[in-house]
1. Filter region 224-249 down to the residues that are touching a residue at least 60 places away in the same chain (Cβ under 8 Å), over 19 Å from Q71 (Cα atoms) and either in a helix (DSSP H, G or I) or of a type in the set (K, R) (or both) and list them by number.
2. Just one of I282, I252, I263 is touching a strand residue (DSSP E or B) at 6+ places or on another chain (Cβ under 9 Å), outside any loop (DSSP other than H, G, I, E, B) and buried (at least 20 other Cβ atoms within 10 Å of the Cβ); which is it?
3. Of the conditions (1) at pLDDT 95 or above; (2) surrounded by 14 or more Cβ atoms within 10 Å (Cβ to Cβ); (3) within 16 Å of the ligand (Cβ to nearest atom); (4) more than 27 Å from R6 (Cα to Cα), L298 fails just one. Which one is it?
4. Which residues, counting only those in region 81-115, are of a type in the set (G, A, S), buried (at least 23 other Cβ atoms within 10 Å of the Cβ) and within 16 Å of the ligand (Cβ to nearest atom)?
5. Mind listing whichever residues of region 46-78 are assigned to a helix (DSSP H, G or I), surrounded by 14 or more Cβ atoms within 10 Å (Cβ to Cβ) and in contact (Cβ under 8 Å) with a residue 12 or more places away in the chain?
6. Search region 176-202 for residues being among the small types (G, A, S) and farther than 23 Å from K75 by Cα, and hand back the single one that is farthest from the ligand (Cβ to nearest atom).
7. Please count how many residues of region 249-277 are farther than 30 Å from Y112 by Cα and away from the ligand (no atom under 12 Å from the Cβ).
8. Taking the residues in region 159-175 that are within 12 Å of the ligand (Cβ to nearest atom) and assigned to a loop (DSSP other than H, G, I, E, B) as candidates, determine which candidate is surrounded by the fewest Cβ atoms within 10 Å (Cβ to Cβ).
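The values are calculated or read from the model by the stated rules, or taken from the named source; none is laboratory data. Not measured: the values here are computed from a predicted model. For neighbour counting, all protein chains shown are included, and Cβ atoms are generated from backbone atoms with ideal geometry for every residue, glycine included.
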Amino acid sequence: MDKSSRIYIAGHMGLVGSAIHQALTNKGYKNLICKTHDELDLCNAEATARFFQTEKPDYVFIAAAKVGGIQANLKYPADFLYQNLMIASHLIHQSYLHNIQKLLFLGSSCIYPKHSPQPISEHDLLTGPLEYTNEPYAIAKIAGIKLCQTYNRQHGCHFISAMPCNLYGINDNFNTETGHVIPALMKRMLDARISNQPYVEIWGTGNPLREFLHADDLANACVLIMEKTCKKDIINIGSGEEISIRDLALLIKKITKYKGELIFNESQPDGTPRKILNSSVIRQMGWNPKISLEKGLLQIYKTVFN
Ligand code: GDP
């Protein structure tokens, strides 16, 4: 990529897309192409085709997706499967038709089997059953990875998939019901502090382990993958640090200065027990995360809620 390349960031308003936009801007890329959901519905094949015809991007980042926390995935499985399949299919096919030089497709660590050996390597894809709560989203993302691989094989494209661990950042969804665990707990504890509630509910047992990465760290990895030559077509991106949901809740309690009790509601699902990634490929490419979990949580707390 050079600084005047036409770079399309699909999903530039979201958690990951906005961080990629910022990372590219910081590095001096000047020709960023962005469309809001209202301007371009990526589930619409004709509209997506028209957009590529008109804008003629050179590079594409696919950070657009229907995303949500464990309950949103359970409640809207058809939306997660359909919309993510459409977004991946339309963008990858149009990128092939328009000879895009390089494309980065973003997935998630939930594409790997529920009982993968830990840490999970890229080779573990499709070696066992998926976690039930994530299955529709994961199937759509696996289809996207396979589209990238098959277009590379059949048509000589240069499409790469990046699989990040659990993410968090400023442009997250802070809805307590549909968001992921970090924004949901931060909002719930803050509300509880303000209204003097004696306890806050945490879903599940608190035992699952998760690996969290700040969206800004992920964005730097994504830009690096697009700038460098790399032979792999799937690349894990994780912080290498695991924390239990119980310890995460305690950390958020400290940051939000909530003084009440934490109650674990075991009638809510835990999801997968553990999913730490083997990120040796991206580390060998020279990337390292810079934002510790505590520092990242503090930054979000101060930026979003102050
Ligand atoms: P997952 O990695 O796909 O399961 O993503 P989530 O961020 O939705 O959930 C991570 C873990 O946090 C799961 O074990 C959830 O049960 C647990 N969790 C605890 N409280 C909450 C909450 O309020 N919202 C969400 N989304 N998860 C929670």
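1. L224, I225, M226, E227, K232
2. Numbers: I252 fails: touching a strand residue (DSSP E or B) at 6+ places or on another chain (Cβ under 9 Å); I263 fails: buried (at least 20 other Cβ atoms within 10 Å of the Cβ).
The unique qualifying residue is I282.
3. L298 satisfies every listed condition except (3).
4. G107, S109 - these are the residues of region 81-115 that are of a type in the set (G, A, S), buried (at least 23 other Cβ atoms within 10 Å of the Cβ) and within 16 Å of the ligand (Cβ to nearest atom).
5. Step one: filter region 46-78 for residues assigned to a helix (DSSP H, G or I), giving 46-55, 70-75, 77-78.
Now drop any that are not surrounded by 14 or more Cβ atoms within 10 Å (Cβ to Cβ), which leaves 47-49, 51-52, 70-74, 77.
Once the filter is applied, which keeps residues that are assigned to a helix (DSSP H, G or I), surrounded by 14 or more Cβ atoms within 10 Å (Cβ to Cβ) and in contact (Cβ under 8 Å) with a residue 12 or more places away in the chain, region 46-78 yields T48, A49, F51, F52, I70, Q71, A72, N73, L74, P77.
6. Across region 176-202, the extreme among qualifying residues is S195.
7. So the answer is 9.
8. N175
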